[in-house]
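The next block holds one structure in the form of structure tokens; read it before the comments.
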Amino acid sequence: MFWQREYTFTYIYEGKGYLEAEEDRAKAREITVKIGMAVAMADGSLDDREGEVLKNWIQKCLAIYSDEKREKLKVKYNNAMKTAYEVAKKGELSLT
């Protein structure tokens, strides 16, 4: 080694980091579940195939996570699906 020098500096990054992006992704998927349920319930009932498609999509989204994170997201998505189903069954689910 001929030469070495050290510079200290501070950089404040104002954009979203990977943790914030992951939180946004989870929220977006939760909303997607609700939209999927609204579309599935557009005719007033949830067909078994429609429910299966939503369930499979949620499982595919969860497959990439570790056990702890997977369980936390699974609860979130299942709650979103159940809540959307109940609201849609009453005819009160709004996409706005």
Starting with the highest mean, order 77-88, 9-20, 45-56 by the number of other Cβ atoms within 10 Å, averaged over the residues of each peptide.
-> 77-88, 45-56, 9-20
Take each uninterrupted DSSP H stretch in the chain, measure its Cα extent along the helix axis, and return the ones at 15 Å or beyond whose mean Kyte-Doolittle hydropathy is at least -0.5.
-> 18-40
Taking a probe of 1.4 Å and leaving out DNA, RNA and ligands, the chain shows per residue an accessible area in Å² of 85
When Lys and Arg each count +1 and Asp and Glu each count -1, what net charge do the other residues less than 14 Å away from Val53, Cβ to Cβ, add up to?
-> -1
Carbon and sulfur atoms: what percent of the 1.4 Å accessible area of the chain do they account for?
-> 53
Quote the charge dipole size of the chain about the Cα centre in Debye, to the nearest 20; the model charges only the Cβ of Lys and Arg (+1) and of Asp and Glu (-1).
-> 80
Cα Rg, Dmax, the stretch 21-96, angstrom units | 12.5, 37
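The values are calculated or read from the model by the stated rules, or taken from the named source; none is laboratory data. Here the structure is a predicted model, which is why all the values come from computation and not from measurement. For neighbour counting, all protein chains shown are included, and Cβ atoms are generated from backbone atoms with ideal geometry for every residue, glycine included. Remember, those area values only see protein heavy atoms, side chains included, never the ligands or the DNA or RNA. Shrake-Rupley method; radii C 1.70, N 1.55, O 1.52, S 1.80 Å.
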